Amino acid sequence: MKTNEKINDPLAPLLITTIRERIIIGRLQAWFDKNKNKKITKLLDKIHPNYLSVSRAIIFPWVVIYCVSVEAKYYALAIWFFGWLTDILDGPWATVTRRQTDSGKVLDPLADRIYFFLVLLNSLLLTGLPAYLTHLWYFFLALEMVIPLSYLLLRIGAKKSIPIEHNAFGKLKAFILALTLPFFWFYAPGANWTIMLGGLTLAAFISSVASISFYLLNSLKKFGQ
């Protein structure tokens with residue numbers, strides 16, 4: 001199966017084409033084709049992929065925040081990763097059900113940011129991370145605003161629309177963030193925790209800077225066309 005989406009990304013063969021197209025989309029398509037006459041398939045086909053993105057932005061963060069606030073951390077962990085599962089599925093779902101839209105390409109990364117921002121802010125307030133790590137993550141939040149602001153400037157000022165974030169660096173960053181945040185909830189002072197969180201924080205920053213750089217370079221290239 002092929003998708004119409006063309007990705008100009010040096011890491012795409014490893015992180016996107018292999019995982020997203022060959023495994024997730026291929027298996028979803030095969031399942032839909034095999035069960036196309038069943039009621040469950042017809043019911044699932046009615047679920048618009050944007051619903052998955054919207055749920056990640058307005059439902060999952062508040063459920064996770066509630067679970068963390070009442071110390072139900074393992075429930076928070078399960079719901080947190082289930083929320084990220086919608087990020088893995090909404091793109092392939094749109095491809096398989098032939099509902100790829102420009103609004104969906106904007107909504108997907110926007111929902112990711114809202115989901116992560118809300119849960120991260122709550123986690124920074126409730127967990128006792130070292131002050132320097134807390135400040136680094138506040139800086140990370142500010143850094144993550146570069147792409148949405150650039151998108152708005154191009155969309156409003158220059159009247160050009162360039163997808164917010166669909167590159168392997170961004171997907172790698174999302175994966176690192178999904179793994180990192182639960183460590184905040186279970187944090188206990190100690191050298192091992194500090195080293196672990198320090199390494200994950202560094203990896204998140206590197207992947208974020210790479211994602212932003214790729215997006216800005218790609219935007220400048222398209223802006224000049």
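Nothing in this text is a laboratory measurement; each read-out follows from the coordinates by a stated rule. As the structure is a prediction and not an experimental result, all values here were calculated from the model. We place every Cβ from the backbone using ideal geometry, glycine too, and count neighbours over all the protein chains shown.
Taking 0.36 nm per intervening residue step and subtracting the Cα-Cα distance, what contour gain separates Ala188 from Leu133 on full extension?
This chain segment gains 18.4 nm when fully extended.
In this model, which of Lys73/Lys173; Lys73/Lys105; Lys39/Lys173; Lys42/Lys171; Lys105/Lys221 are farther than 27 Å apart at the alpha-carbon?
Result: Lys73/Lys105; Lys39/Lys173; Lys42/Lys171 exceed 27 Å.
Applying a 10 Å radius around every beta-carbon, put 113-126, 81-94 in order of their mean neighbour count, most first.
Listed from highest to lowest mean packing, they are 81-94, 113-126.
Can you tell me, using C-alpha contacts under 8 Å and at least 6 residues apart, the relative contact order of segment 12-223 as a whole percent?
That works out to 23 percent.
In nanometres, what is the gap between the two model label sites at Leu143 and Tyr75, each 7 Å from Cα along Cα-to-Cβ?
3.4 nm
Length gain on complete extension for the stretch Trp31 to Leu121, per 0.36 nm per residue less the alpha carbon to alpha carbon distance?
Gain in length upon complete extension: 28.5 nm.
Give, to the nearest whole percent, the P(r) tail of segment 12-223 beyond 29 angstrom, counting all Cα pairs.
Percentage above 29 Å: 31.
Among Trp193, Trp80, which comes first, then next, by fewest other beta-carbon atoms within 10 Å?
With the fewest neighbours first, Trp193, Trp80 line up as Trp193, Trp80.
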